[in-house]
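Worksheet for the structure shown next.
The values are calculated or read from the model by the stated rules, or taken from the named source; none is laboratory data. It should be emphasised that the depicted structure is a prediction, and the values quoted were computed from it without experimental measurement. Using ideal geometry, Cβ is built from the backbone for each residue, glycine included, and neighbour counts are taken over all protein chains shown.
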Amino acid sequence: MHRTDAVSRLHPGVILLFFLCVVGGTLLLSHPLFRLLSLIGALCCHALLCRDARGAFLLRTALPVCLLAAVLNPLFNHQGVHILFYFPWGNPCTGESLLYGVLASLLLFTVLVWFRCYTAVMTTDRSLFLFSRAAPALSLLLRLALRMIPAMRADFARTMEAQTCLLGPAKTKREALRRAFMAFRVQLRRALENAVQLSDAMKSRGYGLPGRTAYALFSWHRRDGLCCLFLLCCALPVLGASLSGGLSFSVYPTPHGAAVTPLLLFCAIVYFSLCISPVLWNRLEVLAWKRSGSAM
Amino acid sequence: METLRLSHVTFQYPTAAVPALRDVSLTLRRGDFAVLCGPSGSGKSTLLRLLKPAIAPHGERSGELLLDGVPIDALSPRDAGARIGFVAQSPHTQLVSDKVWHELAFGAESLGLPQEELRRRVAETATYFGITSWLDRNTADLSGGEQQLLVLAGVMITRPELLLLDEPTSQLDPHAAQTFLRWLQQINRDLGTTVLLSEHRLEEVLPLSSRVFLLEDGRLAAQGTPQDVICRLRDTQSPFLAAMPTAARFWCGVNGSGDVPCTVNDGRSYLASYLQTHPPVPLPAKPDPVSGGCAVRAEGLSFRYGKDLPDVLRDLDLTASTGEWLCLLGANGSGKSTLLRVLAGVLRPQHGDLSINGKTALLPQRPEDLLWHERVWDELSCVCEDEARVDAMLRRFRLTGLEDRHPSDLSGGEVQRLAMAKLLLTQPDILLLDEPTKGLDAGQKEALAQSLRRCCRDGMCIIAVSHDVEFCAANADRCALLFDGAVQTPQTPRVFFSQSRLYTTAAAKLSRDLVPCCVTLSDLLAAFGIEMPKSRENPPDPPRNAQQEKQVFAKAKLPLWRKIGALCGGCGAIVSFCLAAKETGPVLFSDFGAAPALSAKQWVLFGAFAVCCLLVLLCLSRKRADAVPPLPREPVKRTVFSAVWLLLVLPLGLFLGANALDQSRYLLLSLGLLAAGLLPFFLRFERRRPSARLIAVLAALSALAIAGRAAFFMLPECKPVLAIVILAGVALGGESGFLVGSVTMLLSNLLFGQGPWTPYQMFAMGLCGALAGILARCRVLPPRRGALCVFGAVCAVVVYGGIMNPVSALLWGGALNREILFSYYLSGLPMDLIHAAATAMFLWALAPTILGQLSRLQTTHGSLT
């Protein structure tokens, strides 16, 4: 599948850097404002990058679990000073623990949305490209396995069909299971046998010679450098401010955190532009396209 | 100028009684297009592999192999890799990558070419072969012909001078095979690459070739131009003549003189001149096929694979009667296989009436799909318990003496015969054959035809779909063309093939307006009053050099006292557990944080429970008698390293962090520690420069673990992942176990979506594999089924669950404290128990197969690591 958004045009290294920045930032910055900004950014990117998925997973699975986790937290956590009421078994339910639960599930939900975006953009091609630089043998292992999986599935289906042909459809569940095991054993033997033949094919095509290189599907362009620079310019000030304690926030014993200062607001703006940078880049791409269209 | 010279090459496999090659001497000139032919098992593959040092078979060799005057063994690996290209039989065991561009680049990557040069080579190769538009496609989505062309392109990227091909078209349909051969011809003519090709589709290949070598029983029986070899075959009355082009066989049949015609065109000229002196006699009429009762009747059959997909079969009418052999021909995608599957009852048509009188049996395109057991005898006895009948069938298909063989040690022809025997044992009335001649040589085809004719005589109805026009013309009672999902009216082969001009047999093309109604060579010869020489009885396949597989898990019987002991222990355990539970009450399980101190009585009861459990284990455990055959063990140093790293360093870090940091920081810390846990293994794997075989085996195990999910769809939440990872650890060592575990989880996350849990899953699964390897290495975990099952169950709950439950507490629950942890463990326990049970079940079922197959491969192919 060809992806045409601005992020997918970038070098996979830049994409990885972007996701490291946003997920790291989401985990590191505990201030509610920043968590909210990260969530908004994540949802914007999700809308941009995961067009085909339409958020079914997020709505159906992730959101209920997160809400449940938020509600459950006060059951186990009794820290905090603002006691709302007492549970029948005697433990207090505190406002702080409720707030903590909400913030924690917000964090989790945001991270999940970011990972959805990551999965959508980081296709296996890109992941393998990143691996192939750092770990050629491991990337080859992944490449072989990715190649084998569809073949194995097809093989397995054929064996099951042959069983149905010869022995008739399985009547009981037990029989179906027995046949599945038999087919899987056939699959196992064949897969290992094929693996040995495949290794011969690899050797005959020169695998094992010293100094192996990797074909790079992606190359580094000026645009990648600029995007990288942009990411670092956004991330570093926020990181600095965070390490110096300017953005801290803590729930227990009472909710307290860094005051809303110009520095904090500045960091918030910078951080938000980091989070929605795919949207910004995409906008620039659209503008560039329009300009070229009018020039013609 | 000569490029390749073999002088007096003799080669013998270590376990074989006779040499596979005897005193073979041949030379190839630069730019030759040479064909190596001969019956199956005559040593063609051995000869070709000897010429490629990287995959040369092990054995005793004498004689000289020279490439441009240099002994092939003396070439540097890089030279040998780049200058000699090798293409093997089936594309699906040669493709390395999931994407076409990646596949193309593999050979050039291996040579270590710089980036600029890599790009250039990929670009020029893709352009030359016209595959630029495929570059983004998945290799799995290509057709067989396209895959094989891709393999060829992938070999040509290293710019070889000598191209070796081992039956490259045997798994392709005729159309794809012709395309492939045309490419070979173009490479040969256009680039001057020397080609040495082994083939049994000589009809198309022989006209292209400049030199032919005929191997029989490992000896070079003839060599020279195609004409020379055909003359030689005629002089010696070799049965192999049957594989030669029809025109040449006609020439031999009429004892012609002058140039041997190899192509249809030359054959027609020869026939025209022959006709001037020899007027044809009318053909003897073929008896009309006996029409028995109706076996299959289909009317208005329509089928499609999906609601919104186009019809594959549309309004198809078909009848076939008992004792009849009906052949359906057609191009790829015309619905041939679909029709057979509908007739076999695997697929149900959406419209139309289908009446089948009797039992059907389907021979799939790959007959090995019908073979599911580890012994030939088991294959047959699983469908028929009557030993006398099985014996008779073994004799009928000339399989006697092979009963104890492993089916994957059989040759292609033997596999086909075994599959046929298995089908016939189910006593079908209607035999459905899907491409029955794929991959068979001329002799094997004739043997197949004979056995099928006997089935027809026995009153069976045969419906075969095939691309093989020659086979259909020679054997079918009626033929029909399947086109666009419908069958035209079946006709006798003589009518069917003589009416058609393009899609017909070579004999029909040869004779079309010169001698009417001849569709096979025997027809053509009969038209001149010559009887076709009877083909000799097919010689049995030469014996293979395979060791017999040892029974891995021979069952040792448990003595009675042990059984009684186990029973007592089990009862004791249940009773003491119930008593203890009653004594303690539910309080222990509900409020872990405030567990009351146990009383002395409770201690005693729990102690008794533990003792009883131990008794059961001891009584049921077996001696090492049924241990797995020795597998390679990784060096102690590696085991010690993995053990210390995994069991000491990481847990310490995680524990210390848990007490000091809040949720998000702790998440970061644990991610960092996990990376530290995963990295050393991956780095060591890189540093070892793993062999192709190890990588391929590890990849296959990981892929199996993923593909296995689909296999057991009827059992929700039951996946064979952990079982396979543990077996990988036991068989190949801790590091390999760790790799298989972590790579499997990485892959499954790559394919099914990633999350913050990815590294944890990778680590947890890897840890299970590593533990299995370490314990097996230290002989704590014996490779016995029972022990493996217990270990697997414990691993699922304690290690995998033990890691993943806190992780979900961390991810979903927010904070980490004792209560939250405990509640997550408790709520995760049912899933963990299912996981444990499933793992134990999978280990029980799969351990003998995986360990047995790995050790089998080790004995037949040498070390896997």
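Any residue that is within 14 Å of chain A (Cβ to nearest Cβ), assigned to a helix (DSSP H, G or I) and on the phi < 0 side of the Ramachandran plot - is there at least one of those in the range B:156-175? Scanning the range B:156-175 turns up at least one residue that is within 14 Å of chain A (Cβ to nearest Cβ), assigned to a helix (DSSP H, G or I) and on the phi < 0 side of the Ramachandran plot. Against the condition more than 12 Å from chain B (Cβ to nearest Cβ), touching a residue at least 12 places away in the same chain (Cβ under 8 Å), hydroxyl-bearing (Ser, Thr, Tyr) and more than 16 Å from A:ILE276 (Cβ to Cβ), how does A:THR94 come out, does it pass? Against the criterion (more than 12 Å from chain B (Cβ to nearest Cβ), touching a residue at least 12 places away in the same chain (Cβ under 8 Å), hydroxyl-bearing (Ser, Thr, Tyr) and more than 16 Å from A:ILE276 (Cβ to Cβ)), A:THR94 qualifies. Candidates are the residues of the range B:95-124 that are facing another protein chain (nearest Cβ under 7 Å), part of a helix (DSSP H, G or I) and not small (Gly, Ala, Ser); the one that is farthest from the chain's Cα centre (by Cα) is B:GLN115.
Screening A:GLU193, A:GLU175 for residues that are in a helix (DSSP H, G or I), more than 8 Å from every other protein chain (Cβ to nearest Cβ), of a type in the set (D, E, K, R) and surrounded by fewer than 22 Cβ atoms within 10 Å (Cβ to Cβ) leaves exactly one candidate, A:GLU175. Those strands (runs of 3 or more DSSP E) of the range B:233-329 in which 1 or more residues are within 30 Å of B:ARG348 (Cα to Cα) and among the aromatic types (Phe, Trp, Tyr) occupy B:294-303, B:325-329. Per the listing B:ARG268, B:ARG314, B:ARG297, the residue uniquely basic (Lys, Arg) and either at pLDDT below 90 or within 25 Å of B:PRO39 (Cβ to Cβ) (or both) is B:ARG314.
Of all positions in the range A:231-250, at least one carries a residue that is closer than 15 Å to A:VAL7 by Cβ, of a type outside the set (Ser, Thr, Tyr), at pLDDT 90 or above and part of a helix (DSSP H, G or I).
With respect to the conditions (1) more than 8 Å from every other protein chain (Cβ to nearest Cβ); (2) at pLDDT below 85, A:ALA120 falls short on a single one, namely (2). With respect to the conditions (1) touching a residue at least 60 places away in the same chain (Cβ under 8 Å); (2) loosely packed, with under 11 Cβ neighbours inside 10 Å, A:PRO262 falls short on a single one, namely (1).
Among the residues making up the range A:251-289, a single one is within 18 Å of A:LEU226 (Cβ to Cβ) and assigned to a loop (DSSP other than H, G, I, E, B): A:ILE276.
Take the residues in the range B:7-61 that are aromatic (Phe, Trp, Tyr) and in a strand (DSSP E or B), then tell me which one is nearest to B:MET244 (Cα to Cα). Before you say what the answer is, go through the steps one by one.
Looking only at the range B:7-61, we keep the residues that are aromatic (Phe, Trp, Tyr), and these are B:11, B:13, B:33.
Now drop any that are not in a strand (DSSP E or B), which leaves B:11, B:33.
Working: B:PHE11: 28, B:PHE33: 17 Å.
If we take residues in the range B:7-61 being aromatic (Phe, Trp, Tyr) and in a strand (DSSP E or B), then B:PHE33 is nearest to B:MET244 (Cα to Cα).
For the range A:197-227, the set of residues classified as facing another protein chain (nearest Cβ under 7 Å), buried (at least 21 other Cβ atoms within 10 Å of the Cβ) and farther than 20 Å from B:MET156 by Cβ consists of A:SER199 only. Residues that are surrounded by 20 or more Cβ atoms within 10 Å (Cβ to Cβ), within 14 Å of another protein chain (Cβ to nearest Cβ) and either in a helix (DSSP H, G or I) or modelled with pLDDT under 90 (or both) occur in the range A:10-20; there is at least one.
Report yes if B:SER736 is within 12 Å of chain A (Cβ to nearest Cβ), small (Gly, Ala, Ser), over 21 Å from the mean Cα position of the chain (by Cα) and under 21 Å from B:HIS861 (Cβ atoms), otherwise no.
Numbers: within 12 Å of chain A (Cβ to nearest Cβ): yes; small (Gly, Ala, Ser): yes; over 21 Å from the mean Cα position of the chain (by Cα): yes; under 21 Å from B:HIS861 (Cβ atoms): yes.
Taking the combined requirement at face value, the residue satisfies it.
Restricting the range B:572-625 to residues that are of a type in the set (A, V, I, L, M, F, W, C) and assigned to a loop (DSSP other than H, G, I, E, B) leaves a set whose member that is modelled with the highest pLDDT is B:LEU598. Filtered by the rule that a residue be touching a helix residue (DSSP H, G or I) at 6+ places or on another chain (Cβ under 7 Å) and at the interface with chain B (Cβ under 7 Å from one of its Cβ atoms), the range A:148-162 gives A:MET148, A:ILE149, A:PRO150, A:ALA151, A:MET152, A:ARG153, A:PHE156, A:ARG158, A:THR159, A:ALA162. Inspection of the range A:41-59 finds a residue satisfying the criterion of being within 11 Å of chain B (Cβ to nearest Cβ) and surrounded by fewer than 17 Cβ atoms within 10 Å (Cβ to Cβ). Only one entry of B:GLN185, B:GLN148 meets the criterion of being crowded, with 23+ Cβ neighbours inside 10 Å, in contact (Cβ under 8 Å) with a residue 24 or more places away in the chain and in a helix (DSSP H, G or I), and that entry is B:GLN148.
One line per residue, one yes/no per condition, for (1) in contact (Cβ under 8 Å) with a residue 24 or more places away in the chain; (2) closer than 16 Å to B:PHE129 by Cβ; (3) of a type in the set (D, E, K, R):
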{"position": "B:ARG159", "(1), (2), (3)": "yes, yes, yes"}
{"position": "B:GLY192", "(1), (2), (3)": "yes, no, no"}
{"position": "B:LEU202", "(1), (2), (3)": "yes, no, no"}
{"position": "B:PHE213", "(1), (2), (3)": "yes, no, no"}
{"position": "B:THR225", "(1), (2), (3)": "no, no, no"}
{"position": "B:ILE230", "(1), (2), (3)": "yes, no, no"}
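Taking each residue of the range A:136-147 that is touching a residue at least 24 places away in the same chain (Cβ under 8 Å) and more than 7 Å from chain B (Cβ to nearest Cβ) and looking for partners that are assigned to a helix (DSSP H, G or I) and of a type in the set (A, V, I, L, M, F, W, C) with beta-carbon atoms closer than 6 Å, six or more apart or interchain, yields A:SER139/A:LEU128; A:SER139/A:PHE131.
Taking first residues from the range B:741-753 that are more than 9 Å from chain A (Cβ to nearest Cβ) and partners that are of a type in the set (Ser, Thr, Tyr), the Cβ contacts under 8 Å between residues at least 6 apart in sequence or on separate chains come to B:MET745/B:THR758. A single member of A:SER132, A:SER127 is in a helix (DSSP H, G or I), more than 7 Å from chain B (Cβ to nearest Cβ) and either surrounded by 19 or more Cβ atoms within 10 Å (Cβ to Cβ) or out of contact with any Lys or Arg (no Cβ under 6 Å at 6 or more places or on another chain) (or both), and it is A:SER132. Looking across the range A:46-59 at every residue that is at pLDDT 75 or above and part of a helix (DSSP H, G or I), the one that is nearest to A:PRO253 (Cα to Cα) is identified as A:HIS46. The residues on offer are A:PRO64, A:PRO74, and the sole one that is touching a strand residue (DSSP E or B) at 6+ places or on another chain (Cβ under 6 Å) and assigned to a helix (DSSP H, G or I) is A:PRO74. Going through (1) in a helix (DSSP H, G or I); (2) more than 14 Å from every other protein chain (Cβ to nearest Cβ) one by one, B:SER408 falls short only on (2).
When the residues of the range B:357-392 are filtered to those that are part of a loop (DSSP other than H, G, I, E, B) and of a type in the set (Lys, Arg), which remaining residue is farthest from the other protein chains (Cβ to nearest Cβ)? It would help to see each step written out before you state the result.
Of the range B:357-392, the ones part of a loop (DSSP other than H, G, I, E, B) are B:357-359, B:364-366, B:371-375, B:382-386.
Still in the list and also of a type in the set (Lys, Arg): B:359, B:366, B:375.
Values: B:LYS359: 9, B:ARG366: 7, B:ARG375: 13 Å.
The residue in question is B:ARG375.
Within the range B:711-721, the residues that satisfy the criterion of being within 9 Å of chain A (Cβ to nearest Cβ) and surrounded by 15 or more Cβ atoms within 10 Å (Cβ to Cβ) are B:ALA711, B:PHE712, B:LEU715, B:PRO720.
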